[in-house]
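Take a look at the structure set out below.
The values are calculated or read from the model by the stated rules, or taken from the named source; none is laboratory data. Owing to the predicted nature of the structure, the values given are computational and were not obtained by experimental measurement. Note that we place each Cβ from the backbone using ideal geometry, even for glycine, and neighbour counts take in every protein chain shown.
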Amino acid sequence: MNELCNLRYSRILKIAGFLLILEGVLMTVPLIFSLFEGGNDWKAFLVSALITLFCGCIPVLIFRFEETRIYRREGYLLISGIWILFSLFGMLPFMLSEAPLSLTDAFFETISGFTTTGATVMGDVEQESRAILLWRSEIQWIGGLGIVLFLIAILPTLNDSGGISLFNAEITGITHDKLHPRIRQTALSLWGVYGIITLTMIPLLMLGGMSLFDSVCQSMTTVSTGGFSTRNGSIAAWGSSYIAAVTSVFMLLGGMNFTLLYNAVHGEWKALIRNHVFVSYLLIVLSTTAIISVCLYTAGETGGDHLIVAPLFQIASAITSTGFTYSDFALWGSLPLILIIMLMVCGACAGSTTGGVKIDRIMVMLGNLKNEIVHTLFPNHIERVSFDGKTFRENDLVRILAFLTVYILTLSAGALLMSAYGYNLTDSIFSSASCMGNTGLGYGATGSSYGALPSTVKWMFSLEMLLGRLEIFSVLVLFYRRFWK
Amino acid sequence: MKILIVGNGDTAIHLAKMLSQENQDVVVMGIDSHVLSELDAHYNVITSLGKDISIEALKRSGASDCDLFIAVTPYENHNIVSSQLGKWLGAKTTIARIDNPEFLSPEASNHFRSLGIDRMVNPEYLVAREICISLGNVWMRSLHKIAKGELCICSVKLSEPSPILFKSIAEFGQITQEFHVALIKRNGESIIPGGSHSFERNDIVYFTFRPGSEKRLGELCGKTNREIKRVIITGTGKIAETVCGMIPDLYGVKVIEPDREKCLRFADSFPSVTVVNADFRDINVQREEGIRDNCAFLALGDSSETNIVSATVAKHIGALKTIAQVEDTQYFDEVQALDIDTVVNKKLLTSSRIYQFLIDSVLDSPRCLAFEDTDVLEIVAQDSSMITRHNVRDLKLSSDMTIAGLTRGGHGMLVNGDSRIEPGDHVVVFSLHGTLRKVERLFR
């Protein structure tokens, strides 16, 4: 009954205000760091933080007596709105810094950060101040698990049906498992697992000879499967197989379902091996790594680093949509390239921080394919798609099909637009797939950075990143006329 | 507290919704994945798919470490077995919904307790009890005694020719000090009234008062307290049977049922009841059976729609009191606004009963009653409580709570603006949902 009444903008604005205050507080981290370091970018962060806090406080103060209880429609508006709003305010430091970016570039960079895509317009990141680099890593870390999930964990008033609908809209996947009956506890546990993994990675990277600053930044962008690096050469810059191996493992961890990971941490290791999606994920990673290793071997490469670490790293980077590079895969030939494009579209497990279609959806579709074959032979048999204790009904299948359709259409539209500006087929398809899947890898024209692309393409890719991160429907409902009535 | 609810019918769902708002860890186990996923998507509960008497499913849903195990599937046997399994697996307290009212007798319930079922709830019994209570108070919609019977809460639907209709609460206060207006329900919305609110037609008003003032309240609400002489029941279902078994002998009971076979069976079971084989929708039959003669009309048939229509018609042609059983929870609220004196719903009564049981014994809450969106709390004022520092008028209470009365030294009294709460008083507070914290602050 309540869902039919008008959208209550005051409530949406109030929650959005809370989120902006949160973002303002997050900006103080690079601000303090910059002051501590003695760089010049503290002004940019101070101004940005003040603007953001100010804009956040206004709705919170105006609507301070307003409830925060929201319903489904308001949830969708809030979730899409907040990702855009966060990017609009998050780009301020990039525009105000010593080496300012244009509006298009700053927005592209920020939304690429929040959606954990990791496609950058900065050709030379080593020229940027360390505060800016920290901010880039920080937004990826927050965006990885989800901006609103952070608020649910902090704000007790969202511990109701409104919070649950936001949770469902932000966590990736077909169905959403709660860890606890109460949504706030679930959010806190997820952030706990996420934080612990990140903290574990930092000392491991430092053991490989990375500096503390680089380790922190790299850990945040690895676990969130984001892919912003502090070096121009990405992970290759350190030239260490050890660092590449550690990063691969944590990228793969970031590609796992966090609910599963939480249960595994709490002693249910067997659940991990029994989980079909996780096993498929491992098999895909291992088999594609093997294929590429064989390809490289026949091309005359030798040595463990080239034959095992490099392919594994690149596969992990592509399937988990991280987008780090360790070796120049452009030189590997077309078979590995096509595999990488396929993995970018495929993505890792649902409920992780990765982008792409997700293995769960592909498994449902393959299960359905098998059923259709059986159906052709035995029209009266009842066949169902079922794995990991979940049975998928017709409406799930239809929804996944709709998802895939929009996914492919948007991906093609992006590629079409890019090719209209004269870029070749492979570059266009690769870059569009990379943005849609929140991967951020570049190839050919986008190999070193996305900076050279025309503005129109950058805006298109920004939209693709948002659609990819929020899994399409949460954003698309806003374009439906009856949503607003 | 961990609560496992087994079943996914209306009772289970309603209970899960109520408990999830209490910040309890609620798990709902059922067999209908569609119902469960809807529940999961909107409430703070975990759902799990599984059969009610499957040991594996119960273990998976956490029966072994739950504090409370509630089996409310539609099947009595399943609930009993499920509760036993729950207890065996390690549940601390178990509750089962049952059909046979005999099980509620002290000996039988002792036996069931030894089998591992701590509490049993019988929906038909609850409905029948509700009906019998309301037959005793013709014009009241409900009557609750709280604070060891020292205070009463009763709800009345206002209609012409009540002398207080359209008067404000302040004016009502000048007429009499015997009553406190605690809550007004208007168009499905609950209002804690202040002095400037006035009574509108069809308002459902909750008064608190000392026992003995019922008659005066009836006069003020424009109700004449005529005694019910006869009761006409439609339908011969389980509730009708339970009512006929419980109803006091002073009423002449008639049961109207169109099915001849059912009539004969019913007549065998209840020799003192007059069974009429006729279509109860026929107004002439109702007139013939004396509906105008101080009669209560109980529409207890299987179809909610038929019950609603026949109760409305019966009221129209002159029944003194009408009660309709409405099982569809969807339009339960809407029916309240129609011209039917009392509407009863098995599932809501059952879930409220279980909830009430929780409030009494398990939840850490001072509540003594819970209406749909309003709690009635009974809290003892301490020396340090803020509430004892000023007169009630100067406490500047927020508009979503009211102090309805108190008992001091075992003696009940009402509260007005000039009263002052003393330490040791048991204070009765009406508060809308979500204001519990504000109330606690007053008593800290």
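Filtered by the rule that a residue be modelled with pLDDT of 90 or more and either among the aromatic types (Phe, Trp, Tyr) or in contact with a His (Cβ under 6 Å, 6 or more places away or on another chain) (or both), the range A:312-370 gives a lone residue, A:313.
Filtering the range A:26-44 to residues that are in a helix (DSSP H, G or I) and in contact (Cβ under 8 Å) with a residue 12 or more places away in the chain leaves A:26, A:27, A:28, A:29, A:30, A:31, A:33, A:34, A:37, A:42, A:43, A:44. Applying the set (1) surrounded by fewer than 16 Cβ atoms within 10 Å (Cβ to Cβ); (2) at pLDDT below 85; (3) assigned to a loop (DSSP other than H, G, I, E, B) to residue B:200 leaves exactly one unmet item: (2). Scanning the range A:388-422 for residues that are in contact (Cβ under 8 Å) with a residue 40 or more places away in the chain and within 14 Å of chain B (Cβ to nearest Cβ) returns A:388, A:390, A:392, A:396, A:399.
The criterion of being of a type in the set (A, V, I, L, M), under 26 Å from residue A:260 (Cα atoms) and at pLDDT 85 or above holds for residue A:188. When the range A:254-268 is filtered for residues that are in a loop (DSSP other than H, G, I, E, B) and either at pLDDT 85 or above or surrounded by 14 or more Cβ atoms within 10 Å (Cβ to Cβ) (or both), the ones remaining, listed by number, are A:255, A:256, A:257.
Taking (1) assigned to a helix (DSSP H, G or I); (2) surrounded by 21 or more Cβ atoms within 10 Å (Cβ to Cβ) in turn, residue B:245 satisfies each apart from (2). Among the residues of the range A:180-212, those identified as within 14 Å of another protein chain (Cβ to nearest Cβ) and part of a helix (DSSP H, G or I) are A:183, A:184, A:185, A:186, A:187, A:188, A:189. Residue A:287 falls short on exactly one of the conditions (1) touching a residue at least 60 places away in the same chain (Cβ under 8 Å); (2) part of a helix (DSSP H, G or I), and that condition is (1).
Taking the criterion of being within 8 Å of another protein chain (Cβ to nearest Cβ) and either touching a residue at least 12 places away in the same chain (Cβ under 8 Å) or assigned to a loop (DSSP other than H, G, I, E, B) (or both), the residues of the range B:23-39 that qualify are B:23, B:24, B:25, B:26, B:27, B:33. Listed by position, the helices (runs of 4 or more DSSP H) inside the range A:130-179 whose residues that are surrounded by 23 or more Cβ atoms within 10 Å (Cβ to Cβ), at the interface with chain B (Cβ under 10 Å from one of its Cβ atoms) and more than 18 Å from the chain's Cα centre (by Cα) number at least 3 are A:161-170.
Within the range A:444-462, track down each residue that is more than 29 Å from residue A:327 (Cβ to Cβ) and either at pLDDT below 90 or not β-branched (Val, Ile, Thr) (or both). Of everything in the range A:444-462, those that are more than 29 Å from residue A:327 (Cβ to Cβ) and either at pLDDT below 90 or not β-branched (Val, Ile, Thr) (or both) turn out to be A:454, A:455, A:459, A:460.
Summed over the range B:164-175, residues that are surrounded by 14 or more Cβ atoms within 10 Å (Cβ to Cβ) and either in a loop (DSSP other than H, G, I, E, B) or under 25 Å from the mean Cα position of the chain (by Cα) (or both) total 3. Quick one: in the range B:1-22, which of the residues that are assigned to a loop (DSSP other than H, G, I, E, B) and within 22 Å of the chain's Cα centre (by Cα) is nearest to the other protein chains (Cβ to nearest Cβ)? That would be B:21. Every condition in (1) surrounded by fewer than 23 Cβ atoms within 10 Å (Cβ to Cβ); (2) within 22 Å of residue B:135 (Cα to Cα); (3) of a type outside the set (A, V, I, L, M, F, W, C) holds for residue B:322 except the one numbered (1).
When restricted to residues that are touching a Leu at 6+ places or on another chain (Cβ under 8 Å), hydrophobic (A, V, I, L, M, F, W, C) and farther than 18 Å from residue B:94 by Cα, the range B:1-35 contains 1. Just the residues that are over 28 Å from the mean Cα position of the chain (by Cα) and within 14 Å of chain B (Cβ to nearest Cβ), please, taken from the range A:369-387. A:384, the sole residue that qualifies.
Remark: pairs (first residue in the range A:326-344, exposed (fewer than 14 other Cβ atoms within 10 Å of the Cβ); second residue among the β-branched types (Val, Ile, Thr); Cβ separation under 9 Å; 6+ apart in sequence or on different chains) = A:334/A:426; A:335/A:291; A:335/A:292.
The residues of the range B:377-420 that are closer than 15 Å to residue B:210 by Cβ and of a type in the set (Lys, Arg) amount to a single one, B:408.
Those helices (runs of 4 or more DSSP H) of the range A:328-444 in which at least 3 residues are touching a strand residue (DSSP E or B) at 6+ places or on another chain (Cβ under 7 Å), considering only elements entirely within it, cover A:359-377.
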